[in-house]
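Engineer: There's a structure below that I have some questions on.
The values are calculated or read from the model by the stated rules, or taken from the named source; none is laboratory data. Keep in mind it's a predicted model, so treat the numbers as computed, not measured. FYI the Cβ positions are ideal-geometry reconstructions off the backbone, even for glycines, and counts take in every protein chain you see.
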Amino acid sequence: MSAEEEELLQRGDRFTADVRLILVGDRDDFDPEAFFAVRENPAYQRVDVAIAYGFAVGSTWLRRVGFFGRIENLLDIDYDEVLGFDARPINFLAGVRVEL
């Protein structure tokens with residue numbers, strides 16, 4: 001590992017990445033638009049990705065700081081998790097985590 005790489009990642013640093021493929025098959029569901037008749041809710045696929053990086057600070061009052069981001073429904077698929085209620089389109093969440 002080069003000196004530049006060692007400066008970039010220090011002991012105690014944590015990097016995580018996550019890719020999820022959610023596969024849901026056809027299933028029976030109650031249709032609220034048809035007086036709750038049982039109907040088939042079609043299959044769908046969804047891709048979510050997440051990334052996080054945290055590092056130790058070494059301060060007496062602040063132990064760790066981390067940054068994270070997540071994208072759900074990356075391919076912006078239109079589907080109903082529950083029949084009659086649209087699932088969220090592509091959405092993004094980012095934040096900072098602080099450990100005191």
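Engineer: Would you point out the residue of the stretch 89-100, among those that are modelled with pLDDT of 95 or more and in a loop (DSSP other than H, G, I, E, B), that is nearest to residue 52 (Cα to Cα)?
Structural biologist: Ranking the qualifying residues of the stretch 89-100, first place goes to 90.
Engineer: Let me ask another. Can you list residue pairs whose Cβ atoms sit under 8 Å apart, with the first residue in the stretch 33-48 being small (Gly, Ala, Ser) and the second being modelled with pLDDT of 95 or more and surrounded by 13 or more Cβ atoms within 10 Å (Cβ to Cβ)? Count only pairs 6 or more apart in sequence or on different chains.
Structural biologist: From the stretch 33-48, the pairs are 43/24.
Engineer: In the stretch 1-34, which residues are modelled with pLDDT under 90 and either surrounded by fewer than 10 Cβ atoms within 10 Å (Cβ to Cβ) or small (Gly, Ala, Ser) (or both)?
Structural biologist: 1, 2, 3, 4, 5, 7, 11, 12, 33, 34
Engineer: Take the residues in the stretch 57-88 that are over 22 Å from the mean Cα position of the chain (by Cα) and among the small types (Gly, Ala, Ser), then tell me which one is surrounded by the most Cβ atoms within 10 Å (Cβ to Cβ).
Structural biologist: Applying the filter and picking the extreme gives 84.
Engineer: What's the total number of residues in the stretch 35-56 that are surrounded by 12 or more Cβ atoms within 10 Å (Cβ to Cβ) and in a loop (DSSP other than H, G, I, E, B)?
Structural biologist: 2
Engineer: Additional query: With the structure loaded, tell me whether residue 79 is modelled with pLDDT of 95 or more, of a type in the set (Ser, Thr, Tyr) and more than 24 Å from residue 24 (Cβ to Cβ) or whether it fails that test. Write out each step before concluding.
Structural biologist: Working: modelled with pLDDT of 95 or more: yes; of a type in the set (Ser, Thr, Tyr): yes; more than 24 Å from residue 24 (Cβ to Cβ): no.
No; evaluated as a whole, the condition is false for this residue.
Engineer: A follow-up question, please. State yes or no: is residue 69 more than 30 Å from residue 38 (Cβ to Cβ), in contact with a strand residue (DSSP E or B) (Cβ under 7 Å, 6 or more places away or on another chain) and among the small types (Gly, Ala, Ser)?
Structural biologist: Working: more than 30 Å from residue 38 (Cβ to Cβ): yes; in contact with a strand residue (DSSP E or B) (Cβ under 7 Å, 6 or more places away or on another chain): yes; among the small types (Gly, Ala, Ser): yes.
Here the answer is yes, as residue 69 does meet what is asked.
Engineer: Would you mind telling me which numbered condition in (1) free of Cβ contacts under 8 Å to residues at least 24 places away in the same chain; (2) under 17 Å from residue 14 (Cα atoms); (3) loosely packed, with under 11 Cβ neighbours inside 10 Å residue 96 fails?
Structural biologist: Against the list (1) free of Cβ contacts under 8 Å to residues at least 24 places away in the same chain; (2) under 17 Å from residue 14 (Cα atoms); (3) loosely packed, with under 11 Cβ neighbours inside 10 Å, residue 96 comes up short only on (1).
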